[in-house]
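What follows is a set of notes on a single structure, which appears directly below.
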Amino acid sequence: MDYSATHSGFRQQPAMRLRSLPADAPDPSPLFEDTSRVRPGAQPGGYSAQPAVPPAGAYPGQTILSDPMSNLAMAYGSSLASQGKEMVDKNLDRFIPISKLKYYFAVDTVYVGKKLGLLVFPYLHENWEVSYQQDTPVAPRFDVNAPDLYIPFMGFITYVLVAGLALGTQNRFSPELLGVQASSAFVWLIMEVLAVLLSLYLVTVNTDLTTVDLLAFSGYKYVGMIVGVIGGLLFGRLGYHLSLLWCCAAIVVFMIRTLRLKLLSEAAAEGRLVRGARNQLRMYLTMSIAAAQPLFMYWLTYHLVR
């Protein structure tokens, strides 16, 4: 027995030499697959998950647009949209000729000044007939008797502003109250025009008056309403009543002399009154439309002056 073995208390085992494996030999029994060396975008099975690259010159949605069914649906939708637009324009043009609105705004400063003077002082005006050129009425800037929408539109806006001023001087101004004032005036205007259209239909009057003409004639009363409210702000209740009374009489004369040429027969338009039940009914209708203007003017302004 060896002394070193006896001294250490155990027998030294002979050293065992492990068989070296080749450097490139695979692991004989891998428990898990090593994915640490997988390239970015590659899958473990060896397949690369690269995103599909669209061809050169392509843009998003080109695949959808190139679909025949999509092209057919788009063509059908465009056809429906064009047909719907044509139908809306056709039906709307029966009541409000949108294509002719430019005629009612063809005004200038001279026309506006003359028209305002005619609305306030209609007593000295003699010729009330609208001028025509090749069966077409001339633009308002060339004829003071032609109806326009510029003065009614600006008159409505000015009336709302003057109403706000009047309410402010009385410490009653509020945006809600001003909105109620504007919407009330607009609703009464639309109701008046609809009532006149219904009356013309019931009386069966053959006239060249359009809905826009009636809207223009009904909107001229805002000029007198503005004058009345400003007179009340400057001179109190007495100034309001006097100025409004003058403007009410002026608008009645203006409406009668303007509408009688439109509603009465051609013989009456030439100055010869034709007796008959139909003409009398048309005259009553003209007088009713003219008499309704002072009622609306007082109703929309009496509460603004105190």
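The values are calculated or read from the model by the stated rules, or taken from the named source; none is laboratory data. Bear in mind the structure is a predicted one, so any value in this text is a computation, not a measurement. With ideal geometry, Cβ positions are generated from the backbone for all residues, glycine too; neighbour counts draw on all protein chains shown. Just the protein is used for accessible areas: all its heavy atoms, side chains included, with ligands, DNA and RNA removed. Shrake-Rupley method; radii C 1.70, N 1.55, O 1.52, S 1.80 Å.
Annotations
- Scope segment 119-134; condition outside any loop (DSSP other than H, G, I, E, B) and over 23 Å from G224 (Cβ atoms); matching residues: Y132
- Filtered residue count, segment 268-306, keeping only those that are open to solvent by less than 60 Å² (accessible area, probe 1.4 Å), modelled with pLDDT of 75 or more, farther than 25 Å from E126 by Cβ and not polar (S, T, N, Q): 7
- Pair list, Cβ < 9 Å and 6+ apart or interchain, from segment 99-119 residues that are free of Cβ contacts under 8 Å to residues at least 24 places away in the same chain to residues that are part of a helix (DSSP H, G or I) and open to solvent by less than 90 Å² (accessible area, probe 1.4 Å): S99/D89; S99/D93
Conditions (1) in a helix (DSSP H, G or I); (2) within 15 Å of L300 (Cα to Cα), marked per residue:
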{"position": "S183", "(1), (2)": "yes, yes"}
{"position": "F186", "(1), (2)": "yes, yes"}
{"position": "M191", "(1), (2)": "yes, yes"}
{"position": "L194", "(1), (2)": "yes, no"}
{"position": "L209", "(1), (2)": "no, no"}
{"position": "V212", "(1), (2)": "yes, no"}
{"position": "V223", "(1), (2)": "yes, yes"}
{"position": "I226", "(1), (2)": "yes, yes"}
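- Residue satisfying all of: in segment 209-234; over 25 Å from the mean Cα position of the chain (by Cα) and of a type outside the set (A, V, I, L, M, F, W, C); nearest to E129 (Cα to Cα) among these: G224
- Filter result for R172 (open to solvent by 20 Å² or more (accessible area, probe 1.4 Å), modelled with pLDDT under 95 and assigned to a helix (DSSP H, G or I)): no
- Taken over segment 196-207, residues that are open to solvent by less than 30 Å² (accessible area, probe 1.4 Å) and assigned to a helix (DSSP H, G or I) amount to 3.
- Of the numbered criteria (1) modelled with pLDDT under 95; (2) surrounded by fewer than 16 Cβ atoms within 10 Å (Cβ to Cβ), the one L261 fails is (2).
- Close Cβ contacts (under 8 Å, 6 or more residues apart or on different chains) running from residues in segment 163-192 that are free of Cβ contacts under 8 Å to residues at least 12 places away in the same chain and closer than 21 Å to G231 by Cβ to residues that are part of a helix (DSSP H, G or I) and open to solvent by less than 60 Å² (accessible area, probe 1.4 Å) comprise F173/G164; F173/L167.
- Answer residue from segment 209-258, given it is among the hydroxyl-bearing types (S, T, Y) and over 17 Å from L118 (Cα atoms) and is least open to solvent (accessible area, probe 1.4 Å) among those: Y240
- Any hit, segment 84-106, residues being at pLDDT 65 or above, within 29 Å of M255 (Cα to Cα) and either touching a His at 6+ places or on another chain (Cβ under 7 Å) or not in a helix (DSSP H, G or I) (or both): yes
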